[in-house]
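The values are calculated or read from the model by the stated rules, or taken from the named source; none is laboratory data. Because the structure is predicted, anything quoted here is derived from the model rather than measured. Virtual Cβ from ideal backbone geometry, glycine too; neighbours counted across all protein chains shown.
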Amino acid sequence: MVRAETADGIARIALDRPEKKNAFTAEMYRQLGDALAAAGAAADVRAVLLHGTRECFSAGNDLVDFLKPRAPGEEPAATRLFRTLPSLAKPIVAAVAGPAVGIGCTLLLHCDLVYAAPNARFQLPFVPLGIVPEFGSTLLLPLLAGYQRAAELLLLGEPFTAEQAREAGIVNAVVPAAEVLELAERKAHALAALPPESIRLTKALLKATQRGALEARIAEESRIFAERLASPEAKAAMSAFLDKRKG
């Protein structure tokens, strides 16, 4: 479900579950976390390129898989990704086409450069599902977009376009669909060609003011998220969503 390969200093990581629009299962979370950790540890990797298909980045969580009960004491599948992506010292470039929903949108907030095709459609549908936003999005999105715009995107949970994502600071640029992956790859190569220690230190300085606060916010969001999953409100909202999708 996640393909990873390294060439010319670039770790290319592709979400590859097209039959389910790259919806995240527990195993997919683990595979992406492992691929990012491996890229971070590899001496021959200088930049990471993250993408889906030309039709879809990720439709979010696979709710059927996501709602399966965990064994007592079992660590949430997303934990490794939540630890690894924000702390990755190497630059991360993402190319987005089609849906980027839920986790498919919030993980972009941790990337350094994001390029989107005009067909990209973003959504943060946590509140409509009776839960709360995750992966530090309640901290990072207001920093990028300002409070009012972040509140509109997170509280209403409505879909928004690639251009609106650019205006909110989630996306660097919107480019033709045929060019988005090529542009992201060029930017990854440009980063890989720069002095690696200078890149590492500059990224660390850019993120220094948010590091401790981000870890605390991810932990707090995750705690409330887990509580909300067990609430009657969330169960009713998710059941209604699943029934609507079946219909």
Inset, instruction - Could you tell me whether Thr161 is farther than 20 Å from Leu88 by Cα and polar (S, T, N, Q)? - result: yes
Inset, instruction - Please enumerate the residues belonging to segment 145-168 that are of a type in the set (Gly, Ala, Ser), closer than 15 Å to Arg121 by Cα and not in a helix (DSSP H, G or I). - result: Gly157, Ala168
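Would you mind finding the one in Arg200, Arg217 that is surrounded by 13 or more Cβ atoms within 10 Å (Cβ to Cβ), in contact with a Leu (Cβ under 8 Å, 6 or more places away or on another chain) and either of a type in the set (Phe, Trp, Tyr) or under 26 Å from Ala89 (Cα atoms) (or both)?
Details: Arg200 fails: in contact with a Leu (Cβ under 8 Å, 6 or more places away or on another chain).
So the residue among Arg200, Arg217 that is surrounded by 13 or more Cβ atoms within 10 Å (Cβ to Cβ), in contact with a Leu (Cβ under 8 Å, 6 or more places away or on another chain) and either of a type in the set (Phe, Trp, Tyr) or under 26 Å from Ala89 (Cα atoms) (or both) is Arg217.
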Inset, instruction - May I ask you to list pairs of residues, at least six apart or on different chains, whose Cβ atoms are under 6 Å apart, with the first in segment 3-15 being on the phi < 0 side of the Ramachandran plot and the second being part of a loop (DSSP other than H, G, I, E, B) and not charged (D, E, K, R)? - result: Thr6/Val45; Ala11/Val45; Leu15/Asn22; Leu15/Gly52
Inset, instruction - Keeping to segment 83-115, report how many residues are among the hydrophobic types (A, V, I, L, M, F, W, C), touching a strand residue (DSSP E or B) at 6+ places or on another chain (Cβ under 9 Å) and not in a strand (DSSP E or B). - result: 8
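Considering segment 23-76 alone, what residues qualify as being among the hydrophobic types (A, V, I, L, M, F, W, C), in a strand (DSSP E or B) and within 15 Å of the chain's Cα centre (by Cα)?
Result: Phe24, Val48, Leu49, Leu50.
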Inset, instruction - Just name the residue that is nearest to Pro86 (Cα to Cα) out of those in segment 127-144 that are more than 16 Å from the chain's Cα centre (by Cα) and touching a residue at least 60 places away in the same chain (Cβ under 8 Å). - result: Leu143
Inset, instruction - Note down all Cβ pairs under 7 Å where the first residue falls in segment 20-40 and is at positive phi and buried (at least 20 other Cβ atoms within 10 Å of the Cβ), the second is part of a loop (DSSP other than H, G, I, E, B) and at pLDDT 95 or above, and they're at least six residues apart or on different chains. - result: Lys21/Cys56; Lys21/Ala59; Asn22/Gly52; Asn22/Cys56; Asn22/Phe57; Asn22/Ala59
